[in-house]
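A.B. asks: Before I ask anything, here is the structure I am working with.
What follows draws every value from the coordinates through simple rules; no lab data is involved. These numbers were taken from a predicted model, which means no experiment stands behind them. FYI the Cβ positions are ideal-geometry reconstructions off the backbone, even for glycines, and counts take in every protein chain you see.
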Amino acid sequence: VKASPKVYVLRWGHRARDFRLTTHVALVSRALGASGLYLADVADQNLKKTVEKVVEEWGGRFELQMAVPWMRVIQEWKSRGVIVHLTMYGENMGNSDVVERIKKTGRDVLLIVGSRKVPSAFYTLSDFNVAVGNQPHSEVAAIALFLDRFFEGRELSTEFEDAKRKIIPSAKGKRVQKAS
Ligand code: SAM
């Protein structure tokens, strides 16, 4: 049986003052089914600590690579899978079949998001430029909506392996099961 395609996120343009936003990029990527995050060009030890702590407690596998030159990641992914750049200027996934075309390739996906104006190479080197609506908003929202379409909602009920904590969903209050 062929394994289902994996998604890795390339976060470009992180600055120390973006710490919370990049942390949300990482946590949303992990929670909604991505397998890892590349942080382009810079390292951030606080981000690493936060991500490792979440994985340790809540389980699953999530790769974090930091200070990787973005061009190298893109070059590597040219043969490894398809490159999808999330941009408000792209083909709108709301009124086109762009996500279907990406899924049809059956290949792993490198999902690129920016922070401010991105290098123009992102538009030309990517196999797909995808807009989550053609209005400006946020990389976190764009990742979330793309992953939900890509994984067709299944990602919301994924069980994470080796979790120390697991939430027992309840209509009221907080129920958490702890691994013994
Ligand atoms: N002003 C920037 C520009 O010209 O590209 C946009 C910055 S936006 C705050 C940061 C990132 O969020 C973008 O690089 C893109 O990856 C993502 N983003 C924002 N709106 C989007 C949309 N409508 N569709 C897809 N991605 C979007």
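A.B. asks: Express as a percent, rounded to the nearest 5, the fraction of DSSP beta bridges in the chain (both residues included) that run antiparallel.
C.D. replies: Close to 10 percent.
A.B. asks: While we're here: Starting from the 7 Å offset along Cα-to-Cβ, what nm value, one decimal, do you get for the label separation of residue 159 and residue 63?
C.D. replies: 2.6 nm
A.B. asks: Using each residue's phi in the range 111-116, evaluate 6.51 cos²θ - 1.76 cosθ + 1.60 at θ = phi - 60° and report the 3J(HN,Hα) Karplus result to the nearest Hz, with x for Gly and Pro.
C.D. replies: So the J values, rounded to whole Hz, are 9, 9, 10, x, 9, 10.
A.B. asks: While we're on this one: Along each principal axis of its Cα atoms, how long is the range 1-84 end to end? Whole angstroms, biggest number first, please.
C.D. replies: Sorted largest first, the three principal extents are 38, 30, 15 Å.
A.B. asks: Quick check: convex hull of the Cα atoms in the range 83-180, volume per residue, rounded to a whole Å³?
C.D. replies: Measuring per residue, one finds 152 Å³ for the Cα hull of the range 83-180.
A.B. asks: Under a 5 Å amide H to amide H cut-off, with H placed in plane at 1.01 Å, what residues pair with residue 68 once short-range neighbours are removed?
C.D. replies: For residue 68, whose amide H was placed from the backbone, the distant partners under 5 Å are 39, 41, 42.
A.B. asks: Give the long-range amide H neighbours of residue 6: residues separated by 5 or more places, or on another chain, with amide H under 5 Å away, using H modelled in the peptide plane at 1.01 Å from N.
C.D. replies: Placed amide hydrogens put 108, 109 under 5 Å from residue 6.
A.B. asks: Throw me the Rg/Rh for the chain, computed over C-alpha atoms with Kirkwood Rh, two decimals.
C.D. replies: 0.97
A.B. asks: Turning to a different aspect of this structure: Can you list residues whose amide H is under 5 Å from residue 131's amide H, if they're 5+ apart or on another chain and H is modeled 1.01 Å from N?
C.D. replies: Residues meeting the criterion, in which the H sits 1.01 Å from N, are 87, 90, 91, 92, 93.
A.B. asks: Output wanted: per-residue J couplings in Hz (rounded whole) for the range 122-132, from phi through Karplus 6.51 cos²θ - 1.76 cosθ + 1.60, θ = phi - 60°, x for Gly and Pro.
C.D. replies: 4, 6, 8, 7, 6, 7, 9, 10, 10, 9, 9
A.B. asks: Here's another thing I want to ask about it. Give the peptides 46-59, 78-91 in descending order of average Cβ contacts within 10 Å, highest first.
C.D. replies: The packing order, highest mean first, is 78-91, 46-59.
A.B. asks: Using the Karplus equation 6.51 cos²θ - 1.76 cosθ + 1.60 (θ = phi - 60°), what ³J(HN,Hα) coupling, rounded to whole Hz, does each residue of the range 75-82 give in order, writing x for Gly and Pro?
C.D. replies: Each residue's phi maps through the Karplus curve to give 4, 4, 6, 4, 9, 8, x, 9 Hz.
A.B. asks: Once the piece of chain linking residue 17 and residue 42 is laid out straight, how much longer is it, given 0.36 nm per residue of separation minus the C-alpha distance between them?
C.D. replies: Net length gain for the segment: 7.7 nm.
A.B. asks: Another question, then. Check cross-link reach from residue 53 to the lysines: straight Cα distance under 20 Å, and skip same-chain residues fewer than eight apart.
C.D. replies: Partners within reach: 164, 166, 178.
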